[in-house]
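Working notes, structure below.
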Amino acid sequence: MRKVALVLTLVIVGSLAMAQSRFIEGQHYEVVAEKKSEEPTVTEFFSLFCGHCFSFDPFIDSLHHSLPESVTFERSHVDYIPRDNKAVSFGIVKAYNVMLDLDMEEKLRRTFFAAIHVKQENIDSEAKIKQLFLDQGVAESKFDALYNSQSVINRAKAMSELWVERRIDNVPTIVVNHKYKINISSMRTMDDLRQITKYLLEQK
């Protein structure tokens, strides 16, 4: 029994040592905050206007579903795309928060991704953002009430500040425990992404 316990201990220690030597700060991830979140959290910073985010979305979903139940997964929408249309770049962040309030995040996220990146629709006004909600059966009065609510505006402002605070310079980007920003371009496989996420969740 002691031999089995010793072997298991050696395997665990060996795995941790391998992960530590495999993932290097400054190469595979960066520290973007002094303190980590109190609860284990994985955050994807993204934009519905981002083609890479659209392509990466299935992999993010796969990562999400591989996380333990104790880990909170969340998405935070940046507000710098499109750069030349502030009403729309902030409006899409508000719209994303409306999706959350309607409990239609998955359906509407995919609707927007498809409209922008598959159908090549030019979503260049708040009216066009609104129309996509209406096309999915959301009542106009319901959308207007949520979109213009102080709660949605405040959360959109918080998201618009968070990507700056976390030093997000491109999307999609994943931040673990509000402290560790993964360098997505250094990940060669989906397993690499899962492994580094697991490793960073365990860091202090």
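The values are calculated or read from the model by the stated rules, or taken from the named source; none is laboratory data. In this text the structure is predicted, and so the values were computed from the model without any measurement. Cβ: placed from backbone, ideal geometry, glycine included. Neighbour counts: every protein chain shown. The accessibility values were calculated without ligands, DNA or RNA, using every heavy atom of the protein model including side chains. Shrake-Rupley method; radii C 1.70, N 1.55, O 1.52, S 1.80 Å.
Which of the residues that make up the stretch 31-40 are open to solvent by 80 Å² or more (accessible area, probe 1.4 Å) and either closer than 19 Å to LYS198 by Cα or in a helix (DSSP H, G or I) (or both)?
Here is the first cut: in the stretch 31-40, the ones open to solvent by 80 Å² or more (accessible area, probe 1.4 Å) are 34-36, 38-39.
Within the stretch 31-40, LYS35, LYS36, GLU38, GLU39 qualify.
Looking at this structure, is GLU106 of a type outside the set (Lys, Arg) and either at positive phi or part of a loop (DSSP other than H, G, I, E, B) (or both)?
Details: of a type outside the set (Lys, Arg): yes; either at positive phi or part of a loop (DSSP other than H, G, I, E, B) (or both): no.
The answer is no for GLU106.
Among the listed residues VAL138, VAL152, which satisfies the condition of being assigned to a loop (DSSP other than H, G, I, E, B), open to solvent by less than 50 Å² (accessible area, probe 1.4 Å), free of Cβ contacts under 8 Å to residues at least 60 places away in the same chain and not hydroxyl-bearing (Ser, Thr, Tyr)? Give the derivation first.
Numbers: VAL152 fails: assigned to a loop (DSSP other than H, G, I, E, B).
So the residue among VAL138, VAL152 that is assigned to a loop (DSSP other than H, G, I, E, B), open to solvent by less than 50 Å² (accessible area, probe 1.4 Å), free of Cβ contacts under 8 Å to residues at least 60 places away in the same chain and not hydroxyl-bearing (Ser, Thr, Tyr) is VAL138.
Of everything in the stretch 86-103, what is of a type outside the set (Gly, Ala, Ser), more than 16 Å from ASN154 (Cβ to Cβ) and open to solvent by 40 Å² or more (accessible area, probe 1.4 Å)? Give them in sequence order.
LYS86, ASP103, listed by residue number.
Name the residues in the stretch 95-116 that are under 13 Å from TYR147 (Cα atoms) and either over 16 Å from the mean Cα position of the chain (by Cα) or among the polar types (S, T, N, Q) (or both), would you?
At the first step, the residues of the stretch 95-116 found to be under 13 Å from TYR147 (Cα atoms) are 95-102.
Residues satisfying the conditions are ASN97, VAL98, ASP101, LEU102.
Scan the stretch 73-85 residue by residue and report those that are within 18 Å of VAL176 (Cβ to Cβ) and surrounded by 13 or more Cβ atoms within 10 Å (Cβ to Cβ).
So in the stretch 73-85, the residues within 18 Å of VAL176 (Cβ to Cβ) come out as 73-76, 78.
Within the stretch 73-85, PHE73, ARG75, SER76, VAL78 meet the criteria.
Residues checked against (1) open to solvent by 70 Å² or more (accessible area, probe 1.4 Å); (2) at pLDDT 95 or above; (3) touching a helix residue (DSSP H, G or I) at 6+ places or on another chain (Cβ under 9 Å):
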residue: LYS3; (1), (2), (3): yes, no, no
residue: LEU10; (1), (2), (3): yes, no, no
residue: LEU16; (1), (2), (3): yes, no, yes
residue: GLU25; (1), (2), (3): yes, yes, no
residue: VAL42; (1), (2), (3): no, yes, yes
residue: PHE46; (1), (2), (3): no, yes, yes
residue: ASP57; (1), (2), (3): no, yes, yes
residue: HIS64; (1), (2), (3): no, yes, no
